[in-house]
Amino acid sequence: MKNFLYNLVKVYIKNGLHSYHKKIEVFGLERVPTDKPVLFLPNHQSALMDVLLIAVDCNRKPYFLTRADVFGKPLLNKVFKFFQMIPVYRIRDGRSSLSKNEDVFDSCSEILGRGQALVMFPEANHNLKRRVRTLSKGFTRIVFRTLQQNPGIDLQIVPVGLNYSDATSFPDSVSVHYGKPISAGSLYDEAAIQESEKRTKIAVSNALKKLTTHIDSEEDYDRIISYLESKNLSFLMPATINENIASFERENHEIGIGSESKKRFNFFKFLISLINLPIWLVWKFLVKPKVWEAEFTGTFRYATAQVGFTVYFSLLFAVTTILVNYKMALVLVIGIFLLNKILVKWA
């Protein structure tokens, strides 16, 4: 029953994600092992959106390491537990709380030891800038502990590149690139832990830099972004983007930072707002003002749409059934749903 409910929710969320996004493309899914323990290591740009995009399409039923500050309320804790989310503690949660991570890492080692899958963000924070940040050593501790406590285990590390056209816009497009699995055992030497940690971090970092856009230069970041945008390149294709970044650096292109482009009227987006006015008003005046970081914009907008449309369609169906009949209610709800999908794809 639990698996049935989990899969039902998964289908519900997947449909919501594909309705919310203009386009979702997944590459390399065939690389993900289905019969071995897997540690997914994605880059982290768009808060909970990153988690959901992996959860619905990774061919596994993974556990997720999640920042501990979102836990605390009993009802939420039950929801998080149902979706196999495990709290991990950071320095901002209090130095004393860091000791709890020892039990967390033991739990992760046990999960992987059972041949299951785990998702962890090795950058340990999220940021909208298009670069792979310095990786923390937390994931290497889980890898090495798993290898130590489960001799002979064939633990596979799968780097994942998440690429958004514009993570704060709607509708956005995204591509998810699953990299070639890395054998954790091949990077580990029990007699040289520090060297093993360095080797593992370099291997994962280099893989991520191929699976997502990586602009290493802080000084030239804005100029490179302007250069890429001037060529109308798709950020969904990291290999092409990174080739052009290398070209920019080699040829030292002189391109100024363009002025902020003015927002042009978009008829399709206007129609979406008009047709779904109650949900748009909730987002615009109740939810959006409470978004405290730009990285959470996509997450909260998507959540507003997912919950909002569920309530909106349910009420619309009920009221139309009472006033007319259930057939008309069904036609109306399905019609608006399909119209929204068409407008999102064209917007």
Can you report the number of residues in region 194-219 which are more than 16 Å from VAL143 (Cβ to Cβ) and basic (Lys, Arg)?
2
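Which strands (runs of 3 or more DSSP E) does region 15-74 wholly contain that include 3 or more residues that are closer than 24 Å to ALA184 by Cα? Reasoning before the result, please.
Details: elements: 23-27, 38-42, 63-67.
Strands (runs of 3 or more DSSP E) meeting the threshold: 38-42, 63-67.
Looking at this structure, is ILE272 at pLDDT below 95, of a type in the set (A, V, I, L, M) and surrounded by 12 or more Cβ atoms within 10 Å (Cβ to Cβ)?
Values: at pLDDT below 95: yes; of a type in the set (A, V, I, L, M): yes; surrounded by 12 or more Cβ atoms within 10 Å (Cβ to Cβ): yes.
Judged against the criteria, ILE272 is a match.
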Of the numbered conditions (1) on the phi < 0 side of the Ramachandran plot; (2) modelled with pLDDT of 95 or more, GLY115 fails exactly one; give the number of that condition.
(1)
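Considering region 1-27 alone, what residues qualify as being farther than 20 Å from ARG60 by Cβ and among the aliphatic types (A, V, I, L, M)? So that I can check it myself, show each step before the final result.
Start the filter on region 1-27 by keeping residues that are farther than 20 Å from ARG60 by Cβ, which leaves 1, 16, 19-23.
Within region 1-27, MET1 is the sole residue that qualifies.
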Enumerate the pairs (first residue in region 332-347 and at pLDDT 90 or above; second residue anywhere and open to solvent by 70 Å² or more (accessible area, probe 1.4 Å) and not in a helix (DSSP H, G or I)) with beta-carbon separation below 7 Å, excluding pairs fewer than 6 apart on the same chain, so at least 6 apart or on different chains.
VAL344/LYS22
Any residue that is within 18 Å of LEU118 (Cβ to Cβ) and touching a Gly at 6+ places or on another chain (Cβ under 8 Å) - is there at least one of those in region 219-238?
no
Could you check region 28-49 and list, in sequence order, the residues that are modelled with pLDDT of 90 or more, of a type outside the set (Val, Ile, Thr) and in contact with a helix residue (DSSP H, G or I) (Cβ under 9 Å, 6 or more places away or on another chain)?
GLY28, PRO37, LEU39, PHE40, LEU41, PRO42, ASN43, HIS44, GLN45, SER46, MET49
Within region 216-228, is there a residue that is open to solvent by less than 90 Å² (accessible area, probe 1.4 Å), modelled with pLDDT under 90 and among the basic types (Lys, Arg)?
no
Taking region 288-299 on its own, how many of its residues are within 22 Å of the chain's Cα centre (by Cα) and surrounded by fewer than 18 Cβ atoms within 10 Å (Cβ to Cβ)?
6
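The values are calculated or read from the model by the stated rules, or taken from the named source; none is laboratory data. Just so you know, these numbers come straight off a predicted model, no measurement behind them. FYI the Cβ positions are ideal-geometry reconstructions off the backbone, even for glycines, and counts take in every protein chain you see. Note: accessible area is taken over every heavy atom of the protein model, side chains too, but ligands, DNA and RNA are not part of it. Shrake-Rupley method; radii C 1.70, N 1.55, O 1.52, S 1.80 Å.
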